[in-house]
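Notes follow once the structure below has been shown.
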Amino acid sequence: MNLRQLTYFRAVVEHRSLAAAADVLNVAQPNLGIAIKQLEEKWGVTLFERAGRGLAITDTGRELYERAAELLGGASALDQDMRAIGRGFTARLRVGFTQILVDSVAEMVAGMREDGSAVMGGRTRHRPSPG
């Protein structure tokens, strides 16, 4: 199993056909069918019921779809984080808070901006001190 196979599988589920998924992914339709067949053979499962030219996802396919979507989402987040680090972003701060803390968080962010830290798109980058 690899991320490419899972990406292909997810696209087939979301677009409800090999042809539509192939168009969106810009790959040959047989490549999608091969990737899905490889997953089915590896695990000994059926991911789609094939009826003529149509596909219907099985219960096992639904389970794989949910897990694949989670895994691919994590891989995408990792890719974005590494690209951000490569562009100079050095830290990520995640904060959970209740409504009562909104003013405190706003003050903290304002303080970070004043002392030379930049808060951008959920990531913080420290700016060099002047002089």
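May I ask you to verify whether ASP79 is at pLDDT below 90, surrounded by 10 or more Cβ atoms within 10 Å (Cβ to Cβ) and outside the structural domain of MET112 (by TED's automatic domain parsing)? The answer is yes for ASP79.
Please go through (1) in a loop (DSSP other than H, G, I, E, B); (2) over 22 Å from GLU63 (Cα atoms) for ASP23 and return the number of the only condition it doesn't satisfy. Result: ASP23 fails condition (1) only.
Across segment 1-19, the qualifying residues are those that are part of a helix (DSSP H, G or I) and free of Cβ contacts under 8 Å to residues at least 24 places away in the same chain, and the one among them that is nearest to GLY74 (Cα to Cα) is ALA11.
From the list LEU55, LEU39, the one residue that fits, being of a type outside the set (Val, Ile, Thr) and assigned to a helix (DSSP H, G or I), is LEU39.
Of the set (1) at pLDDT 90 or above; (2) among the hydrophobic types (A, V, I, L, M, F, W, C); (3) not in a helix (DSSP H, G or I), all apply to VAL95 but (1). Taking the criterion of being surrounded by 15 or more Cβ atoms within 10 Å (Cβ to Cβ), under 18 Å from the mean Cα position of the chain (by Cα), over 30 Å from MET112 (Cα atoms) and in contact (Cβ under 8 Å) with a residue 40 or more places away in the chain, would at least one residue in segment 20-39 satisfy it? No, there is no match, as no residue in segment 20-39 is surrounded by 15 or more Cβ atoms within 10 Å (Cβ to Cβ), under 18 Å from the mean Cα position of the chain (by Cα), over 30 Å from MET112 (Cα atoms) and in contact (Cβ under 8 Å) with a residue 40 or more places away in the chain.
Every residue in segment 44-69 that is touching a Phe, Trp or Tyr at 6+ places or on another chain (Cβ under 8 Å) and touching a residue at least 40 places away in the same chain (Cβ under 8 Å), please. Can you show your working first?
Within segment 44-69, the first condition is being touching a Phe, Trp or Tyr at 6+ places or on another chain (Cβ under 8 Å), and the residues that meet it are 47, 55-58, 61, 64-65, 68.
Result: LEU55, ILE57, GLY61, LEU64, TYR65, ALA68.
Check whether at least one residue in segment 70-84 is of a type outside the set (Val, Ile, Thr), free of Cβ contacts under 8 Å to residues at least 60 places away in the same chain and either more than 30 Å from MET112 (Cβ to Cβ) or in contact with a helix residue (DSSP H, G or I) (Cβ under 6 Å, 6 or more places away or on another chain) (or both), and report yes or no.
Within segment 70-84, one or more residues are of a type outside the set (Val, Ile, Thr), free of Cβ contacts under 8 Å to residues at least 60 places away in the same chain and either more than 30 Å from MET112 (Cβ to Cβ) or in contact with a helix residue (DSSP H, G or I) (Cβ under 6 Å, 6 or more places away or on another chain) (or both).
For SER17, the conditions (1) modelled with pLDDT under 90; (2) exposed (fewer than 14 other Cβ atoms within 10 Å of the Cβ) all hold with the exception of (2).
The values are calculated or read from the model by the stated rules, or taken from the named source; none is laboratory data. Given the structure is predicted, the values throughout are model-derived calculations rather than measurements. Methodologically, a virtual Cβ is constructed for each residue, glycine included, from the backbone with ideal geometry; neighbour enumeration extends over all protein chains shown.
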